[in-house]
């Protein structure tokens, strides 16, 4: 199985936003953050997919919806994060010109 990673530019952008100016993060630490982020995404997606399968009813295919992600966060006992996600508006979809 190929190793899953997030783009380094995305990790750098997030770290730059949340850390005080002048703070640096070692490359090994960035790699660890990246791996931990991917593991979290895989875990939450797996739980949300199970929830969507339970709720698909008569539909041929299950689709993960925002409420499944929120429910997965709550089941994982990340209630504070679930509340924050509930309060966020969905990101606009960027269309290619």
Cβ contacts < 9 Å: first residue in contact (Cβ under 8 Å) with a residue 12 or more places away in the chain, restricted to the stretch 1-29; second residue loosely packed, with under 10 Cβ neighbours inside 10 Å and in a loop (DSSP other than H, G, I, E, B), any location; separation 6+ or different chain. Result? 15/23
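Mind listing just one residue for me: the one in the stretch 59-71 that is in a loop (DSSP other than H, G, I, E, B) and surrounded by 12 or more Cβ atoms within 10 Å (Cβ to Cβ) and, of those, farthest from the chain's Cα centre (by Cα)?
62
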Every residue in the stretch 1-27 that is over 20 Å from the mean Cα position of the chain (by Cα) and farther than 26 Å from residue 45 by Cβ, please. 20, 21, 22, 23, 24, 26, 27
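Residue by residue, here is whether (1) assigned to a loop (DSSP other than H, G, I, E, B); (2) in contact with a helix residue (DSSP H, G or I) (Cβ under 6 Å, 6 or more places away or on another chain); (3) free of Cβ contacts under 8 Å to residues at least 60 places away in the same chain; (4) surrounded by fewer than 14 Cβ atoms within 10 Å (Cβ to Cβ) holds:
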| position | (1), (2), (3), (4) |
| --- | --- |
| 42 | no, no, yes, yes |
| 53 | no, no, yes, yes |
| 57 | yes, no, yes, yes |
| 73 | no, yes, yes, no |
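Read-outs throughout are calculated quantities, based only on the coordinates presented, and are distinct from any laboratory measurement. Keep in mind that this is a model prediction, so the values were computed, not measured. We place every Cβ from the backbone using ideal geometry, glycine too, and count neighbours over all the protein chains shown.
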